[in-house]
Amino acid sequence: MPKKIYIVEDEKDIADIIRHYLKNAGYTMEEFDDGEKALRRIHVSVPDLLLLDLMLPGMDGLELCRLLRSEPATKKLPIIMLTAKGEETDKIVGLEMGADDYITKPFSPKELVARVKALFRRNQPDVEAAKNIQYGKLFLDVETHTVSINNKELTLTAKEFALLEYLLKRKGKLVSRDNILDAVWGMDYYGGNRTIDVHIRHLREKIPLLKTSLVTVKSFGYKLKDEK
């Protein structure tokens with residue numbers, strides 16, 4: 001069954017271009033021109049991925065993203081944010097609200113399709129490699145994409161989960177930001193290393209033990225300490 005993507009974009013010309021390229025890539029789509037309509041539809045049927053414009057009439061993309069991340073049914077919904085704004089602060093705010101990726105208008109439709117495919121790949125469970133990972137009181141189930149501490153499940157975005165899994169599998173090793181970016185976001189990701197730092201901060205906020213066990217190595221990357 002083809003993946004279903006919701007396009008939330010109030011500029012019809014842009015929505016038409018996106019629909020054309022995604023349809024040719026084999027995806028099915030539904031389109032919405034404001035956040036409220038999209039939210040009502042998502043409450044009925046959750047898509048496989050959301051393309052979300054930042055500047056929308058009524059409820060903007062940031063608010064819709066925040067609401068979706070606060071609801072159990074959509075907390076792990078892959079979200080790519082679209083916007084005409086190019087400042088780094090806008091990208092950071094979008095990521096902090098829970099977006100998995102960010103693309104600035106004007107963009108190449110082919111690049112957008114590549115990012116959609118990359119995000120689906122990142123979120124595709126590897127059945128052969130699936131296993132449980134334990135780190136102290138932290139328990140990560142690769143197959144079900146759940147994380148818990150003391151049997152209490154945590155709420156992580158898809159990218160936060162993938163980043164945590166990557167670090168746990170390399171505990172005790174120094175990993176560079178470039179290697180993290182390639183492994184978690186994909187080699188076809190065009191964003192900067194600042195994206196990693198934002199997600200690392202989120203993980204530390206949600207998982208207190210990482211505040212001391214996940215060490216920042218200045219100008220290089222990160223190292224998750226071995227368990228004591």
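The values are calculated or read from the model by the stated rules, or taken from the named source; none is laboratory data. This is a predicted model, so every value here is computed, not measured. Cβ atoms come from the backbone with ideal geometry, glycine included; neighbour counts cover every protein chain shown.
Got a number for residues in the stretch 1-40 being under 14 Å from PRO109 (Cα atoms) and β-branched (Val, Ile, Thr)? The qualifying residues number 4.
Scanning the stretch 7-31 for residues that are surrounded by fewer than 22 Cβ atoms within 10 Å (Cβ to Cβ) and in a strand (DSSP E or B) gives THR28, MET29, GLU30, GLU31. Across the stretch 180-218, the qualifying residues are those that are surrounded by fewer than 16 Cβ atoms within 10 Å (Cβ to Cβ) and out of contact with any helix residue (DSSP H, G or I) (no Cβ under 9 Å at 6 or more places or on another chain), and the one among them that is modelled with the lowest pLDDT is ASP182. Contact map, the stretch 142-162: residues that are touching a residue at least 40 places away in the same chain (Cβ under 8 Å) and part of a helix (DSSP H, G or I) paired with residues that are aliphatic (A, V, I, L, M) and surrounded by 14 or more Cβ atoms within 10 Å (Cβ to Cβ), Cβ distance under 7 Å, separation 6+ or inter-chain. Pairs shown: LYS159/VAL184; GLU160/LEU203; PHE161/VAL147; ALA162/VAL184.
If you go through the stretch 41-78 and keep only what is outside any helix (DSSP H, G or I) and among the basic types (Lys, Arg), you end up with LYS75, LYS76. Checking each residue in the stretch 198-214 for being more than 16 Å from GLU165 (Cα to Cα) and hydrophobic (A, V, I, L, M, F, W, C) picks out only VAL198.
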